[in-house]
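See structure below.
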Amino acid sequence: MVHLVGSLRKELADCLSTSKVLVVGAGGIGCELLKNLVLTGFKNIEVIDLDTIDVSNLNRQFLFQKKHVGKSKAQVAKESALQFCPSANITAYHDSIMNPDYNVEFFRKFVLVMNALDNRAARNHVNRMCLAADIPLIESGTAGYLGQVTVIKKGMTECYECQPKPTQKTFPGCTIRNTPSEPIHCIVWAKYLFNQLFGEEDADQEVSPDTADPEAAWNPEETAARATASEKDGDIKRISTKEWARSTGYDPIKLFNKLFKDDIMYLLTMDKLWKKRKAPIPLDWQQLENSGMFDLYNDSSLGLKDQQVLGVWGYCKLFQQSVETLRSQLQEKGEGAELVWDKDDPPAMDFVTSAANLRMHIFSMNMKSRFDVKSMAGNIIPAIATTNAVIAGLIVLEGLKILSGELESCRTIFLNKCPNLRKKLLVPCVLDPPSANCYVCASKPEVTVKLNVHKTAVLTLQDRILKERFGMVAPDVQIEDGKGTILISSEEGETEANNSKFLGDFGIRNGSRLQADDFLQDYTLLITVLHTEELERDVEFEVVGEAPDKAPPPQSNKEEVNSITNGNKDSAQPSTSSKAPSEDDDIMIVDSDEDEGASSSAAVAAAVGTKRKHSDAGTGETSTKRPRTDQSSAAAAPTDDDDDIIALD
């Protein structure tokens, strides 16, 4: 006779009570998951999340209440979950999972790790740590009505990085500054403008016309005579937008005329830009005010206030009001103070909404509601509590299979918005085996990177290629030149003098090989350099075998594929969009319900794997190098945001 404890076999119930598990993320999915775990019988749980509770979380992250706003998500989630089961032993960490304190030995304490993240960098990191520790990982994510759960086990399944993910969408600076053609370009410009005026200035976020735009190919000497915005307040030639704004006392009308009149008239002098484009139309505050066209709202606007599209004068007044409010906030903070843009801060959101819409109007685009602008500016995909609850339940069910020793019965499970042809919303797929070409979990991870060795700096290799593209946290790089030349060291101060030098300065040429080690992740990657001088404009490097900005197209033998954006990109479409561009898709819902016949490869089964050990099993030798990490990098990667999106293809 089978002995049951609740709905579980006694042996399994006993296993749950003694097994230690880790939950990464205490947001929408994390709250549901933590509640499910304690009610199922898990007694030893550790939860980690860097985030604090915001008012916008309260509609679906039910472990939190209004009194908890501003407090640690992990700590409050622990306290609330203990009310369901006071006998549980829950440890909470208000920290980033990418902190070097959470090393391979930390992960080896657990029999199971469960991700409830929406941050790709953190997902990559947890994937590698679980591979290094040889611990099963359950990945998950939701986006609106869609959701996904998958199991990752070293050597058995694909890891999270086996399938290439679309890179974060970025836009050339000259497009943002000179020739915007989509609303998102104007919204990114407005966010840059906020930082230039009120926040921390960044040279890479300049908003004035780009005179170095190669497409313009203009001669300043020939067109200077036609530039009518040259000697006035708001002159485009001023070095610091913030200094000039301060000199005017943040006068909203002077700011308006500089940004939407003088700068636009200056752009018009770049004749070549407008030969095949519709030229922008400058706005003048005085003319608008004298015209008597005080159309605060478009006649066709319906619905809630945030969903209404204002008229041009309405956005002019909103711009004026927001600048005055933000100016007051700066004055209250004192000399040298800076503001931080936040989608949930009304004046900041009003500023970006008004500035972006005025620029859209100038460049002949349809203006957007505050709701749409917030969706794109804040990279928001609506989160639905019911979807989170379904996915959290599936995570626990897959976890029970793992703890029962039934890994072979685990599945990738997709939650669809609508039933498929067999009238199913939940679609299981067989887990795919590891990819032989994966640069993370292959037996000898290798990649070939195409770049210009005479133009690629060592700092670009470290930050853009190793950290951003290949997900390393604290890389060490040596050149395989027979001398073991150290190019990059994670030890502070050892190789900083190399940062501004080009790869070619170190004898790196076509065919050179680099060995990159991340001792925190217990991960080694061999990189073959392919020198080229023919990269596309604004492309710093390419990984051979991959398109620079896209993941491979999905397989065509599936019954049906529905895709959505992942919420991590500036190009994420608002919820009101009729369709999302395919190159931005990060979740793919496969319309199939054949357990044994269906494969999750087209939808990406997240998995875990890293092949480098701290200790060599054969020799017993352990690396003597102390693991280090860039603390700022770790702090910058939150373990859970509001959208709970999993970046799966």
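The values are calculated or read from the model by the stated rules, or taken from the named source; none is laboratory data. Keep in mind that what you see is a predicted model, and the values were worked out from it rather than measured. A quick note on method: Cβ atoms are made from the backbone with ideal geometry, for glycine too, and the neighbour counts reach across all protein chains shown. Areas reflect the complete protein model, heavy atoms only, side chains present, ligands, DNA and RNA absent. Shrake-Rupley method; radii C 1.70, N 1.55, O 1.52, S 1.80 Å.
Sort out which residues of the range 93-108 are over 22 Å from Ser140 (Cβ atoms) and open to solvent by less than 10 Å² (accessible area, probe 1.4 Å), and write them in order of number.
Scanning the range 93-108 gives a single hit, Val104.
Of (1) of a type in the set (Asp, Glu); (2) open to solvent by 70 Å² or more (accessible area, probe 1.4 Å); (3) at pLDDT 80 or above, Asp263 satisfies all except one. Which?
(2)
Let's see how each residue does on (1) closer than 30 Å to Glu406 by Cα; (2) open to solvent by 10 Å² or more (accessible area, probe 1.4 Å); (3) not small (Gly, Ala, Ser):
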position	(1), (2), (3)
Ile135	yes, yes, yes
Glu139	yes, no, yes
Met156	yes, yes, yes
Tyr160	yes, no, yes
Pro164	yes, yes, yes
Thr175	no, yes, yes
Glu182	no, yes, yes
Trp189	no, no, yes
Asp202	no, yes, yes
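So Val111 ticks every box in (1) in contact with a Pro (Cβ under 6 Å, 6 or more places away or on another chain); (2) open to solvent by 10 Å² or more (accessible area, probe 1.4 Å); (3) at pLDDT 95 or above but one. Which box is left unticked?
(1)
Six or more apart or on different chains, Cβ under 7 Å: which pairs go from a residue in the range 96-121 that's within 26 Å of Ser17 (Cβ to Cβ) and assigned by the TED database to the domain that holds Gly27 to one that's open to solvent by 20 Å² or more (accessible area, probe 1.4 Å) and charged (D, E, K, R)? Could you list them?
Lys109/Lys20; Phe110/Lys20; Val111/Lys20
Among the strands (runs of 3 or more DSSP E) contained in the range 377-464, which hold 3 or more residues that are closer than 30 Å to Glu536 by Cβ?
Of the strands (runs of 3 or more DSSP E) lying wholly inside the range 377-464, those with at least 3 residues that are closer than 30 Å to Glu536 by Cβ span 446-451.
Here are some residues: Val453, Val440. Which one is more than 17 Å from Tyr160 (Cβ to Cβ) and buried (at least 19 other Cβ atoms within 10 Å of the Cβ)?
Val453
Answer yes or no: is there a residue in the range 352-369 that is open to solvent by 10 Å² or more (accessible area, probe 1.4 Å), farther than 22 Å from Asp263 by Cβ and of a type in the set (Lys, Arg).
Scanning the range 352-369 turns up no residue that is open to solvent by 10 Å² or more (accessible area, probe 1.4 Å), farther than 22 Å from Asp263 by Cβ and of a type in the set (Lys, Arg).
Looking at the range 267-281, which of the residues that are closer than 12 Å to Ser181 by Cα and at pLDDT 90 or above is least open to solvent (accessible area, probe 1.4 Å)? Full working, then the answer.
Start the filter on the range 267-281 by keeping residues that are closer than 12 Å to Ser181 by Cα, which leaves 277-280.
Then keep just the ones that are at pLDDT 90 or above; that gives 278-280.
Details: Lys278: 143, Ala279: 40, Pro280: 7 Å².
Here the answer is Pro280.
Determine which single condition Gly405 fails, assuming it passes every other condition in (1) modelled with pLDDT of 95 or more; (2) open to solvent by 20 Å² or more (accessible area, probe 1.4 Å).
(1)
What do you reckon, is Asn420 outside the structural domain of Phe319 (by the TED database), surrounded by 15 or more Cβ atoms within 10 Å (Cβ to Cβ) and farther than 18 Å from Asn115 by Cβ?
It is true that Asn420 is outside the structural domain of Phe319 (by the TED database), surrounded by 15 or more Cβ atoms within 10 Å (Cβ to Cβ) and farther than 18 Å from Asn115 by Cβ.
Tell me which of these Val390 doesn't satisfy, since it passes every other one: (1) open to solvent by less than 50 Å² (accessible area, probe 1.4 Å); (2) assigned by the TED database to the domain that holds Leu37.
Exception for Val390: condition (1).
Count, please, the residues in the range 476-506 that happen to be closer than 22 Å to Thr532 by Cα, in a helix (DSSP H, G or I) and either small (Gly, Ala, Ser) or outside the structural domain of Ile527 (by the TED database) (or both).
1
Does any residue of the range 351-367 turn out to be among the β-branched types (Val, Ile, Thr), within 30 Å of Asn59 (Cα to Cα) and in a loop (DSSP other than H, G, I, E, B)?
no
It is to be established whether one or more residues within the range 81-92 are touching a Leu at 6+ places or on another chain (Cβ under 9 Å), surrounded by 20 or more Cβ atoms within 10 Å (Cβ to Cβ) and either under 30 Å from Leu131 (Cα atoms) or of a type in the set (Ser, Thr, Tyr) (or both).
Within the range 81-92, one or more residues are touching a Leu at 6+ places or on another chain (Cβ under 9 Å), surrounded by 20 or more Cβ atoms within 10 Å (Cβ to Cβ) and either under 30 Å from Leu131 (Cα atoms) or of a type in the set (Ser, Thr, Tyr) (or both).
State which residue pairs qualify: first residue without any contact (Cβ under 8 Å) to a residue 40 or more places away in the chain and part of a helix (DSSP H, G or I) and inside the range 257-269, second residue open to solvent by 30 Å² or more (accessible area, probe 1.4 Å) and among the hydrophobic types (A, V, I, L, M, F, W, C) in any location, beta carbons under 8 Å apart, and separation of 6 or more residues or different chains.
Filtered contacts from the range 257-269: Leu268/Trp274; Leu268/Ala279.
Residue under question is Lys67, and the condition is that it be out of contact with any strand residue (DSSP E or B) (no Cβ under 6 Å at 6 or more places or on another chain) and open to solvent by 60 Å² or more (accessible area, probe 1.4 Å); does it hold?
Details: out of contact with any strand residue (DSSP E or B) (no Cβ under 6 Å at 6 or more places or on another chain): yes; open to solvent by 60 Å² or more (accessible area, probe 1.4 Å): yes.
In short, yes.
Can you tell me which residue in the range 469-509 is surrounded by the most Cβ atoms within 10 Å (Cβ to Cβ), limited to those that are without any contact (Cβ under 8 Å) to a residue 24 or more places away in the chain and aliphatic (A, V, I, L, M)?
Here the residue is Ile486.
Is it the case that Leu466 is open to solvent by 20 Å² or more (accessible area, probe 1.4 Å) and in the same structural domain as Glu533 (by the TED database)?
No; evaluated as a whole, the condition is false for this residue.
For Pro347, only one of the following conditions fails: (1) part of a helix (DSSP H, G or I); (2) touching a residue at least 60 places away in the same chain (Cβ under 8 Å); (3) buried (at least 17 other Cβ atoms within 10 Å of the Cβ). What is its number?
(2)
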